1. Go through the stretch 533-589 and give me each residue that's within 21 Å of the chain's Cα centre (by Cα), more than 20 Å from Ile646 (Cα to Cα) and among the hydrophobic types (A, V, I, L, M, F, W, C).
2. With the checklist (1) in a strand (DSSP E or B); (2) farther than 30 Å from Ala549 by Cα; (3) within 15 Å of the ligand (Cβ to nearest atom) in hand, flag the one item Arg506 doesn't pass.
3. Limited to the stretch 132-149, what total is found for residues that are surrounded by fewer than 23 Cβ atoms within 10 Å (Cβ to Cβ) and part of a loop (DSSP other than H, G, I, E, B)?
4. Go through the stretch 425-467 and give me each residue that's within 12 Å of the ligand (Cβ to nearest atom) and not assigned by TED's automatic domain parsing to the domain that holds Leu386.
5. Identify, please: which residue in the stretch 311-334 is under 20 Å from Met476 (Cβ atoms) and β-branched (Val, Ile, Thr) and is, among those, farthest from the ligand (Cβ to nearest atom)?
6. What about Val185, is it touching a strand residue (DSSP E or B) at 6+ places or on another chain (Cβ under 7 Å) and assigned to a strand (DSSP E or B)?
7. What's the number of the condition Lys351 fails, among (1) outside any loop (DSSP other than H, G, I, E, B); (2) buried (at least 19 other Cβ atoms within 10 Å of the Cβ); (3) at pLDDT 95 or above?
8. Search the stretch 404-438 for residues being among the hydroxyl-bearing types (Ser, Thr, Tyr), in a loop (DSSP other than H, G, I, E, B) and modelled with pLDDT of 95 or more, and hand back the single one that is nearest to Arg365 (Cα to Cα).
Amino acid sequence: MTVQIDHALEEIRRFRPSPEFAAQAVAGTRLYEEARADRLAFWADQARSLLQWETPFTRTLDWSNPPFAKWFDDGTLNVAVNCLDRHVAAGNGDRVALHWEGEPGDSRDVTYAELTDEVRRAANVLTDLGIGEHDRVAIYLPMIPEAVVAMLACARIGAIHSVVFGGFSADSLASRIDDAEASLVITADGGYRKGKVFPLKPVVDDALAKAEGGTVKNVLVVRRGENDIEMADGRDLWWHDTVAQASNEHEAQGFEAEHPLFILYTSGTTGKPKGILHTSGGYLTQVAFTHKNVFDLHPETDVYWCTADVGWVTGHSYVVYGPLANGATQVLYEGTPDTPHPGRWWEIVEKYRVSILYTAPTAIRSFMKLGRQIPHEFNLRSLRLLGSVGEPINPEAWIWYRHVIGGGSIPVVDTWWQTETGAIMISALPGITDLKPGSAQVPVPGISIDILADDGTPVEGEGGGLLVVTEPWPSMLRGIWGDPERFKETYWEKFGDKYFAGDGARRDEDGDIWLLGRVDDVMNVSGHRLSTAEIESSLVAHPWTAEAAVVGASDETTGQAVVAFVILKASQVEHVTDPSDAAEELRRHVATQIGAIARPRQVFIVNELPKTRSGKIMRRLLRDLAEGRQVGDTTTLADTSVMTAITEQVR
Ligand code: WTA
């Protein structure tokens, strides 16, 4: 956090939009004026102009029962029709929706007409399998067109999808299936990652053996990896035997604007991931609005590429719903940035003449490490706009991104938002805002943000505080699946009817907002949210562990890294001859239990943990240690000698 503030204080560069860019920009300053004049009328206009409604709405916002908002709630629409059929009906069926690129180099272009057909077929199959409105479908797929098809097929029939990132373990998948009581899982035999096939269907089998609810009746399997898998009779079906054979005739019905669209699990401050619930009309309005205006989308000419996996919210809002609602042509890439060579992404930009690229600071920093000669081998001149999301982008990385990838003169937009907010909330608008590296800058039109002190008073001037959203917004989460109390407690208890985001922030002298990182026990590793409590419970579940404390330590490439301090059980200590073996075993254990993204960078085996008199672990001191700093004030520790002992063990 201190590092970020230092950067913020030193940063004085400004980049005015070029006159050429400004002249063709989709967004105009009138958006701010209209939103300021009448916020609700502004959003109603966006909902009407960006989407196709079956029944027009007459009510914009119902906030009579906070924090449960309803947007456009007497209107009906079909989300899949908005993303597909209407573009075909408008004569754009031949436009490429997806330039899909598999990791091994196979590729496939899918037009809007083809994608519409495929979604209709899949919708028919889901209905045949007994999936109806409100039923939950777990999706566990690699980045292949079928992932998009599966999500939209659910939307088309009013079923609720819960996409689980393909890197999550069987345990994580099982707990998500149980929590949502999913009745169908859509998966693949396997997918490609780093030149190898990673199995998915076997993980599903494992998860279903572990899931306690027994709610899953069928598993629909896409063939991709061609790895050996088992198919359970009567339960498991191949996609190519069902979807490919189904009829492409499917009449879509309109659903209420507040009809649930998806659940997406994200880490919170406790061990149990939260199922963030999003609904239809408001969500689609704000993702379409931001996708169009923040990325300056010209759907007839742009080729857009968001590198996020559909397993994360960025993949939901800015790979699936936003771009397709806007009729964009986009790249969908299955694999890793460095396979088979470190220039793979830039090769893809050159091949498809990508004009808008949206990625995460952690990726930019790893490319910086490799050096500019790699992107320089490719023609990147098609790029005209760059975006960043997931964590604060340090000014050095911003400048590198603009110069080395963007050729030095194109806009870079840093977008702040969360799984809970559903869509971008803070960002410059290209062509309008003077850009400032390192700052997410200003709320998007129609969004009201403030920075409050802990006691709820607004922070005046340039001090730091807690980021809140002061008015309900169309794509806001509608709750936590099955847990309304946790929804209220987590986001609304602190400041009443203002949404508490969990991020620290400050404003500079121009009023631009700088994000300062999480203020709770949520870590941000490579732009992914991980909970310290969740990793601690996983460590404690290992038979060797007596106690564990996890901190997020700053890391040059991944932003933060997971560092764990573990006390072994007395009964185990004598068996563990080499602490580094124990550390390795525990790292492996976390990766198997939660997923590889949660694997600690380091596990330190220690004899004690620093605790206050009331028994609370002082993570701040462990973070000092993990980041190689002088350990801070230890006077509130029950036993002040503990930190000296731990420091000796760690160094
Ligand atoms: C962080 C990802 C600074 C923040 C879309 C937030 C950011 C969490 C930025 C949400 C940004 C995301 N600048 N911090 N531009 N974007 N964050 O739910 O801490 O995976 O609360 O959503 O990421 O992560 P999530």
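The values are calculated or read from the model by the stated rules, or taken from the named source; none is laboratory data. Since this is a predicted model, take the numbers as computed values, not measurements. Cβ atoms come from the backbone with ideal geometry, glycine included; neighbour counts cover every protein chain shown.
1. Result: Ala533, Ile535.
2. (2)
3. Number satisfying all stated conditions: 5.
4. Passing the criteria: Leu466, Leu467.
5. Taking the candidates together, the pick is Val320.
6. Yes.
7. (2)
8. So the residue we want is Ser427.
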